[in-house]
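The values are calculated or read from the model by the stated rules, or taken from the named source; none is laboratory data. All figures in this text were calculated on a predicted structure; none of them were measured in a lab. Please note: Cβ atoms are built from the backbone with ideal geometry, for glycine as well, and neighbour counts cover all protein chains shown. Only protein heavy atoms, including side chains, enter the accessible area calculation; ligands, DNA and RNA are left aside. Shrake-Rupley method; radii C 1.70, N 1.55, O 1.52, S 1.80 Å.
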Amino acid sequence: MALPRLIPDRIAPAWNDLTPTQRVCWHFTSATRLFTNAWGNREILPGYQYFYERNNDLAVVNEALMLANPPPDHKPPQQVAIVTVAWPLGSQIEGTTTARRGFAFLQLDDPLPAETAAIVTQGYYQNKSRALKKPRIRHVTVIEPLGSGPYSLIVPTGYYATTSGNNRFAKIRGIKARQRPDLPLGTVKITNITTGQTIRQILSNPNGGTPTGINRPRATAYKPTDGDHYP
Amino acid sequence: MSISCTATRVFTTNSINVNSGSWGIVSQNDGSYIFGWTQGSDDFPYDSLGSWLRSTDEGQTWSFNGNSDGLIGQVSAYHSNIHPNITVAPYFNPPTNGAGIIRTINQGISWTRVLDLSIAPSPHGRDVWIAGIQSYSKTHALAWGTLNGDNQNPPQTWGTSADAGATWTTHSAWDYATPFDTMNAMGIAEQGCWIASYTKGFTDPRFAWMANTTDFGATWNVGASMGGNNTPPMETGLAICCFDKLNAAMAGNHSNSPPDDNVSAWWTDDAAMTMHLVSNSDVINWPGGSGNMLCTEVKRLTQDACFLAFENQNDGTPGSCWRISLDKGHTYEIEVTQPSHVQTYQIPCGKAVVTKDGALLMALWQSNDYSTAEISLWRAPIICA
């Protein structure tokens, strides 16, 4: 598989490939599309920053979707229903050859709209002290437009083969989600690919409840009706 | 994707003396804009009243905010905002050989004089004047001009302020061997490189030279020489905008055989060590005729784009020309559309700012018959479609 790259490695060359007219248009279109920063202040982004802001998520979904021209508006995407599903520890499918334990995945009953993509990010901060740090993003699952059905959150083999310790992805495949049911399973960004506009949704932890060690409710086993249980 | 830019007039002053008139626009850190101009009079065009307007809607409407009456001299065209509500502006009073800087801390409602220079008249006919002021941080400002028109070495040619224009330190020329006549223009890049143009030689031949500094003016590196063997080669009206440490665009009056003038624009990619004429010379460089760039503006728009405005009367029809370059001043392919009647006026071009909603804002001197004149304000949104 391809080596992971930083997002700027995708966006910066794309900016350089624009025509001078396109670059100027990004600059002056930004003046009419105020950006709200982390402190809630409205500001005008310079042309490159506006280009980066609009293409940040599209570069993750698919480089080919990146906008060369500033979008006509900032129309947000539609909300989509993504169900989180868990096979808790100990669940077994009778009569099948494979049993999955502590497994979580996503289920899209309806296809994503044609102009919508989703980016699922997962990661848990594993410091035992539970310091107030944001989780490190360990894995990204992209759901392209019109995608539907089950989506595995399993990290591809070798994705972080050279890492260890806190980067062990096995932790988030389900066991970790089960160990930390107080944390969401992940975050999903729903992106309108025609405008680059994104809304965020929290993916609830299917093992949801209270932290480990407390008498918390167990997740219900999910049993496929037929075929391989692998989602 | 294409760019269009159409200018419309948003304000016109009352009639001013045809021989006077100076003007400028500056953006304030509070989101407003200040526009100032001088009234002049037939008896004494330079002993004038400066009037100041303010706009809080990106230059669409303007209202009176004060005047600088009582300050001798003409408030010149260029001024710079360096702190919220603080604007500094040069003033100019040739009859008394005075020049200096005035300052407002209330967006033009009232003004005080913060620098006075009064120097003996020049035997070469060059008056004391301050050409422009720029700011390069919220507290630091730079002024330039010919502060000493006399044949003295070294002449005072530029000044700096580190306290938002409250006090100023004047500096001498960098080349004492040949006193130069006029400090024409300066450009400043955020990275700290200044580029300046000056005309050297009180007698023929006179040349325009370029120089740069990377230590805020402590030392200067003399670069390209430009101009011809006759007067006045790029004497006045030059404008410079710096994109970064090396790249800059420049425009000005360039004459080898007066009274014919060439309207020319240049670019450099080595901090003015070498200068290059723009490649679409049929658009920018008019040989012969009476076109001139005595009123010129080169304004940086983005990291690569700039706006050029200059007077063009080369074909016998006075008018102004406004163009946009997308390639650091190498070419100027985009023309700002003006109402047709404007092009029948003689319009030396004023100074421009870019509004936060993406429009050019320009102030122009215009006269239809040379018996009356006025200053008008123009707004040109840059539209992408």
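Between A:ASP17 and A:VAL85, what length comes free when the chain is fully extended (0.36 nm per residue of separation minus the Cα-Cα distance, one decimal in nm)?
Answer, rounded to one decimal: 20.2 nm.
Please compute the modelled spin-label separation between A:ARG10 and B:ALA218, points set 7 Å along Cα→Cβ, answer in nm with one decimal.
4.6 nm
Take the Cα of B:LYS356, step 7 Å along the line toward its Cβ, and report every residue of the range B:24-39 whose backbone nitrogen sits under 14 Å from that point.
The answer is B:27-34, whose backbone nitrogens lie closer than 14 Å to the label point.
With heavy atoms of protein chains only and a 1.4 Å probe, what residues of the range A:32-47 have at least 30 Å² less accessible area in the full set of chains than alone?
Listed in order, they are A:ILE44.
Could you tell me the calculated FRET efficiency between B:SER225 and A:GLU115, based on Cβ-Cβ distance and R0 = 35 angstrom, to the nearest 0.05?
Given R0 = 35 Å and the Cβ-Cβ separation, E is 0.05.
Taking each residue in A:15-26, count the Cβ atoms of any other chain within 10 Å of its Cβ, then average. What number comes out?
What the average comes to for A:15-26 is 5.
Please give, to one decimal in nm, the separation of the simple spin-label points placed at A:THR187 and B:GLN191, each 7 Å out from Cα toward the Cβ.
3.5 nm
R0 = 45 Å: FRET efficiency of A:LYS75 with B:LYS245, Cβ-based, nearest 0.05?
The calculated FRET efficiency here is 0.65.
Within 10 Å of each Cβ in B:372-385, how many Cβ atoms from other chains are there, averaged over the peptide?
2
Any chance you could run the full-extension gain for B:SER63 through B:THR6? It's 0.36 nm times the residue separation minus the Cα-Cα distance, nm to one decimal.
18.2 nm
Other chains near A:68-77: what is the mean number of their Cβ atoms within 10 Å of each residue's Cβ?
Averaged over the peptide's residues, the number is 1.
Which FRET efficiency value, to the nearest 0.05, is calculated for A:ARG42 and B:SER371 with the Förster distance at 51 angstrom and r the Cβ-Cβ distance?
E between A:ARG42 and B:SER371, to the nearest 0.05, is 0.60.
Pop a pseudo-label 7 angstrom from the Cα along the beta-carbon direction at both B:SER172 and A:ASN62 and give the gap in nm to one decimal.
7.0 nm
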